[in-house]
Amino acid sequence: MKKINLTISFLALFALFMVSCNSGEKKPDAAEAQTETAPEVKGQSAFKDDVSSANALQVAKSLDDFKTLVAAIEAAGVEDAVVNVGPLTVFAPVNGAFDKLPAGTVDDLLKPENKSKLAFILTNHVAPANYPIKQLKKEAEKGRKLYMASGKYLLVEDKEDGIYVGGTKILKTVQVSNGWIHVIDNVLVPAE
Amino acid sequence: MKTIFKSLLVITVLTMVLGSCGKGDSKKKGALSSNAAERVYVAPGEYDEFYAFVSGGFSGQLAVYGLPSGRLFRVIPVFSVDPEKSYGFSEETKPMLNTSHGFIPWGDSHHPDISQTNGELDGRWVFINENNTPRIAKIDLTTYETTEIIEIPNSAGNHSSSFVTENTEYVVAGTRFSVPYPQKDMPIKEYKGNFKGALTFIAVDPKDGGMSIKFQLMMPGFNYDLSHPGRGASHGWFFFTTYNTEEAHSLLEVNASQNDKDFIAAINWKKIEEYVNNGGGTKAPANYAHNVYDEHTHTATSTMKKEVLIINPSDVPGAVYFMPTPKSPHGCDVDPSGEYIVGSGKLAAELTVHSFSKMLKAIDEKKFDGDAYGIPILQYEATLAGAVKQPGLGPLHTEFDGKGNAYTTFFISSEVVKWKLGTWEVLDRKPVFYSVGHLMIPGGNSRKPYGKYLVAMNKITKDRYLPTGPEVTQSAQLFDITGDKMEMLLDFPTIGEPHYAAGIPASILMPKSKKIYKLEENKHKYVTKSEGAAKVVRNGNEVHVYMTMIRSHFAPDNIEGIQVGDKVYFHITNLEQDYDVPHGFAVIGANTSELLIMPGQTKTNIWEPKQVGVWPFYCTDFCSALHQEMQGYIRVSPKGSNVPISFTLDGDAVDAE
């Protein structure tokens, strides 16, 4: 009995010191620590690189023709996808293409609550593949459709006056570090 | 009696519990309460403050870590082949490992040292020595690639190397093992007086770092262990520790520990340089490899050099002296001012510090104590600045914090000891786990140390990490040295043996790091700068494939007309001009490694197909969303087959419009 008592008193003593030990240490509040140290989340689109060839987003940003497109990319929050290693083929509508949409459409799409809808439309302009003009010609010739990031397929046609994709003509082509930009003057609104 | 026993027990328990709460024991308290975790934590997306270049020892490589995190960033292949990076396997890099003994796939890397200007780190190159087959390598700190390797003739066990003078005029290579000079067939027992120790001074071209042997100083047949340059007032001198001044050739652990004192050799290299520039020295036949990697041809070439300039100490009076230093000194370290030369006698009871100004005075006043093979021995007391008494057991290496303190490692007592220059008093000591060899403070052997962190590199690991069988990871330990007392912050595992290291602020190197190789500057003999230019050319049984790679295909990707017995050269150019988009290449049955090809670079593999069939090749580095699609086929027909050479992409010629 005496032995047990002794053991219990030891344990009590131990516990006492453990407690005092714990209370003596400052345990940082987990939630507080997190909000304090959480770094601003930056993706690879924020990386500064003036040595590599320009990527699709950098090229688009450098040209006034794509102001609306760039604004849409930013509003949809897909900047990082457009600088991704890809390879990507971007069919880039010029500003005027957006003007052809029914009045109020662009303003509506740029609203935060329509972010995912906007992103879906934008992904319909990007093929996760490497398609220079030469290759697009072959796609048309061989009757192969383009699989777009939206999950939809676009028809490629080799007409007398140029290459058409999704029914709109490619006006110009720019090689970018992560693929190709083909300039078009219509927005490729995906079929619902 | 029983009661007393019980009371004792209570007191013991009390002490134990209290002790674990106490301030003194940060290990038991854990990282949270000592905030060590916070001090080594580099948040996601943030950068380390320092680069640490840690030698891989017997791995033959050089590893790049961040401090304070201890994270490994890159292993730079130097003296050993590296299949991951195709170093020593690609046709372009094989010549880097050529020597007078032929191609050598392995080396023992030891002491990295970063180039300096005015005694401060300039971060242009890091040099490192190979101990076994004596060589010095230069690594470019814009590409982090080994760009030059020079073999050291008349040397063996290239150990007191590869330290640079304060304007990187020279990188030195001193022999640990003395050998017959010139090499010849002779009885080993005739070592004494017949073997020589070569100290080699390699001139470094200030423009491109190109190395060439200026002269070899043929010293007595001692073992030359470590060295460091003079700086400030002592610039123009170089100091080498020696052991085995007994000139033993067997059971050195006993026979080389007989003399009470060995020497630190003080070499006035400026004086010898002047002598050489005035036509002094003897040109002697030699045979050593000089291998240079050209960043624009992306190709290394190996040239055999046939001559070396030999200097005997007696040729240049007043250029070489010996300073007696107790018991087989290892480290030979010069403080930031250049006044103090610390000799770490491995078996000595104290740490010996020589004074440069006293040395000059002693030379001036001819305070000699005889000579060794004609080299004057200075009187011990005449050069002695002071000694750190009872510092620990087995001193090895000292570095400095730039605030008047020195830090020395002790192998046997397994600790780092902080002491004060000038008063020689011990200020602090911290145990290390276990048996520390060298230590490193960024810039700690220059005029301008960055005295914030100290890395201790340990030889034994035992129980520090999860065990992995008989072989456990090697280990380094990080200390904060900003306070009066050193604080251990972190254990981190290292590759090979962390033999020695050099550190430098990230702010010096980060802006210079290269992102891509410019395709337009690619001067490789077999470069293919566009898909349309890709081709396959047969020349007898040699077939040269000029291939390109870009996300996410090879051009061409279907090749026919190859025959069993052909020697197929795949010369592959990465057309990407985008940072961090390398591609890889491997073909079934190749008796070599993959190729890993940086943007704008060309590399070559040889493939000798032995079996008829259609064989795939593919990209080995996950390059893009369609990486798995990046593949091709090569058709191998029987020898003498009439299948013509053809090469296509998507069923058409590569240059089809």
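The values are calculated or read from the model by the stated rules, or taken from the named source; none is laboratory data. Quick caveat: nothing in here was measured; it's all calculated off a predicted structure. No Cβ is skipped: glycine too gets one built from the backbone with ideal geometry, and neighbour counts run over all protein chains shown.
Taken over the range A:74-90, the criterion of being on the phi > 0 side of the Ramachandran plot and either more than 10 Å from chain B (Cβ to nearest Cβ) or of a type in the set (Ser, Thr, Tyr) (or both) is satisfied by A:Gly77 alone.
In this structure, is B:Val54 in contact (Cβ under 8 Å) with a residue 12 or more places away in the chain, surrounded by 15 or more Cβ atoms within 10 Å (Cβ to Cβ) and over 11 Å from the mean Cα position of the chain (by Cα)? So B:Val54 does not fit the description; no.
Could you tell me whether the range B:493-512 includes any residue that is over 29 Å from B:Gln61 (Cα atoms) and of a type in the set (Gly, Ala, Ser)? No: the range B:493-512 contains no residue that is over 29 Å from B:Gln61 (Cα atoms) and of a type in the set (Gly, Ala, Ser). Go through the range B:560-576 and report how many residues are at negative phi and either at pLDDT below 95 or in a loop (DSSP other than H, G, I, E, B) (or both). The number of residues fulfilling the criteria is 4.
Among the residues of the range B:276-294, those identified as within 21 Å of B:Thr99 (Cα to Cα) and either under 21 Å from the mean Cα position of the chain (by Cα) or not in a strand (DSSP E or B) (or both) are B:Tyr288, B:Ala289, B:His290, B:Asn291, B:Val292, B:Tyr293, B:Asp294. The condition of being within 23 Å of B:Gly221 (Cβ to Cβ), buried (at least 18 other Cβ atoms within 10 Å of the Cβ) and among the aromatic types (Phe, Trp, Tyr) holds for only one of B:Tyr293, B:Tyr373, B:Tyr340, B:Tyr321, that being B:Tyr321.
Taking the range B:600-617 as the range and being in a loop (DSSP other than H, G, I, E, B) and either among the basic types (Lys, Arg) or under 18 Å from B:Tyr546 (Cβ atoms) (or both) as the test, the residues that pass are B:Gly600, B:Gln601, B:Lys610.
Taken over the range A:69-87, the residue count meeting the criterion of being crowded, with 21+ Cβ neighbours inside 10 Å and assigned to a helix (DSSP H, G or I) is 7.
Working carefully through the options B:Leu252, B:Leu226, B:Leu217, B:Leu309, find the one that is surrounded by fewer than 18 Cβ atoms within 10 Å (Cβ to Cβ), of a type in the set (A, V, I, L, M, F, W, C) and in contact with a Ser or Thr (Cβ under 9 Å, 6 or more places away or on another chain).
Answer to the check: B:Leu309.
Filtered by the rule that a residue be among the polar types (S, T, N, Q) and in a strand (DSSP E or B), the range B:226-259 gives B:Ser227, B:Thr241, B:Thr242.
For B:Gly503, are the conditions met, namely being on the phi > 0 side of the Ramachandran plot and either within 14 Å of chain A (Cβ to nearest Cβ) or of a type outside the set (A, V, I, L, M) (or both)? It is false that B:Gly503 is on the phi > 0 side of the Ramachandran plot and either within 14 Å of chain A (Cβ to nearest Cβ) or of a type outside the set (A, V, I, L, M) (or both).
Check the range A:94-102 and report whether any residue there is among the small types (Gly, Ala, Ser) and surrounded by fewer than 19 Cβ atoms within 10 Å (Cβ to Cβ).
Checked against the condition, which is being among the small types (Gly, Ala, Ser) and surrounded by fewer than 19 Cβ atoms within 10 Å (Cβ to Cβ), the range A:94-102 yields at least one hit.
Does B:Val568 count as in contact with a Phe, Trp or Tyr (Cβ under 6 Å, 6 or more places away or on another chain) and away from chain A (no Cβ under 14 Å)? For B:Val568, the condition - in contact with a Phe, Trp or Tyr (Cβ under 6 Å, 6 or more places away or on another chain) and away from chain A (no Cβ under 14 Å) - is met.
For the range B:619-649, the candidate set comprises residues that are free of Cβ contacts under 8 Å to residues at least 60 places away in the same chain and within 14 Å of chain A (Cβ to nearest Cβ); within that set, the residue that is farthest from B:Asp566 (Cα to Cα) is B:Phe622. Residue under question is B:Tyr579, and the condition is that it be part of a loop (DSSP other than H, G, I, E, B) and not assigned by TED's automatic domain parsing to the domain that holds B:Pro599; does it hold? No; evaluated as a whole, the condition is false for this residue. Checking B:Phe79, B:Phe103 one by one, the residue that is more than 17 Å from B:Leu595 (Cα to Cα) and crowded, with 16+ Cβ neighbours inside 10 Å is B:Phe79 and no other. Hey, any hits in the range B:260-267 for a residue that's buried (at least 19 other Cβ atoms within 10 Å of the Cβ) and not in a strand (DSSP E or B)? Checked the range B:260-267: no residue is buried (at least 19 other Cβ atoms within 10 Å of the Cβ) and not in a strand (DSSP E or B).
Conditions tested, residue by residue: (1) in contact with a Pro (Cβ under 9 Å, 6 or more places away or on another chain); (2) modelled with pLDDT under 95; (3) more than 19 Å from B:Arg135 (Cα to Cα); (4) assigned by TED's automatic domain parsing to the domain that holds B:Lys305.
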{"residue": "B:Ser212", "(1), (2), (3), (4)": "no, no, no, yes"}
{"residue": "B:Leu217", "(1), (2), (3), (4)": "yes, no, no, yes"}
{"residue": "B:Phe238", "(1), (2), (3), (4)": "yes, no, yes, yes"}
{"residue": "B:Thr241", "(1), (2), (3), (4)": "yes, no, yes, yes"}
{"residue": "B:Asn244", "(1), (2), (3), (4)": "no, no, yes, yes"}
{"residue": "B:Glu247", "(1), (2), (3), (4)": "yes, no, yes, yes"}
{"residue": "B:Glu253", "(1), (2), (3), (4)": "no, yes, yes, yes"}
{"residue": "B:Ile264", "(1), (2), (3), (4)": "yes, no, yes, yes"}
{"residue": "B:Lys270", "(1), (2), (3), (4)": "no, no, yes, yes"}
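Among the residues of the range A:168-182, those identified as touching a Pro at 6+ places or on another chain (Cβ under 8 Å) and either crowded, with 20+ Cβ neighbours inside 10 Å or within 14 Å of chain B (Cβ to nearest Cβ) (or both) are A:Gln175, A:Asn178, A:Gly179, A:Trp180.
Could you say whether any residue in the range A:120-130 is crowded, with 17+ Cβ neighbours inside 10 Å, away from every other protein chain (no Cβ under 14 Å), under 24 Å from B:His553 (Cβ atoms) and touching a strand residue (DSSP E or B) at 6+ places or on another chain (Cβ under 9 Å)?
yes
Being assigned to a loop (DSSP other than H, G, I, E, B), closer than 20 Å to A:Glu74 by Cα and either in the same structural domain as A:Leu109 (by TED's automatic domain parsing) or not polar (S, T, N, Q) (or both) is the requirement here; does A:Ala119 meet it? So A:Ala119 fails the test. Scanning for something in the same structural domain as B:Gly318 (by TED's automatic domain parsing), surrounded by 23 or more Cβ atoms within 10 Å (Cβ to Cβ) and among the charged types (D, E, K, R), does the range B:191-199 turn up at least one residue? Yes, the range B:191-199 contains a residue that is in the same structural domain as B:Gly318 (by TED's automatic domain parsing), surrounded by 23 or more Cβ atoms within 10 Å (Cβ to Cβ) and among the charged types (D, E, K, R).
None of A:Ser9, A:Ser52, A:Ser23 is outside any helix (DSSP H, G or I) and at pLDDT below 95 except A:Ser52. Where residues in the range B:590-608 are hydrophobic (A, V, I, L, M, F, W, C) and more than 14 Å from chain A (Cβ to nearest Cβ), which of them is nearest to B:Glu576 (Cα to Cα)? Within the range B:590-608, the match that is nearest to B:Glu576 (Cα to Cα) is B:Ile597.
Elements of the type strands (runs of 3 or more DSSP E) sitting completely within the range B:308-406 and holding at least 1 residues that are in contact (Cβ under 8 Å) with a residue 40 or more places away in the chain and under 32 Å from the mean Cα position of the chain (by Cα): these cover B:320-326, B:329-334, B:340-345, B:350-355, B:375-378, B:384-389, B:395-400.
Filtering the range A:131-167 to residues that are within 13 Å of chain B (Cβ to nearest Cβ), acidic (Asp, Glu) and in a strand (DSSP E or B) leaves only A:Asp158.
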